[in-house]
Amino acid sequence: MSTARNPRITLELEPGAEPIRGSIEHADGSRQPFWGWLELSAVLRRVAAWPAAQATPPQPFTSTEEDS
């Protein structure tokens, strides 16, 4: 069960992919794809920083967010 303090995610990986790639599914069923360790860690960082009062999960990065 997902709680406001502990959001639940499901990590789906493509076996044997180099670099690592897959997607993260949020409790509401939305998915965020990632490619590489940096994108995976960035998505996890956003999930961990997600405010408990927010009604929707964090949105995927855009190229301008990744560059900053």
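The values are calculated or read from the model by the stated rules, or taken from the named source; none is laboratory data. This structure is a prediction, so every number in the text was calculated from the model and none was measured. Here the Cβ is made from the backbone with ideal geometry for all residues, glycine too, and neighbour counts use every protein chain on show.
General observations
- Members of segment 13-38 found to be charged (D, E, K, R) and either in a loop (DSSP other than H, G, I, E, B) or modelled with pLDDT of 95 or more (or both), listed by number: E14, E18, R21, D28
- Scanning segment 49-68 for residues that are surrounded by fewer than 10 Cβ atoms within 10 Å (Cβ to Cβ) and modelled with pLDDT of 70 or more turns up just one, A49.
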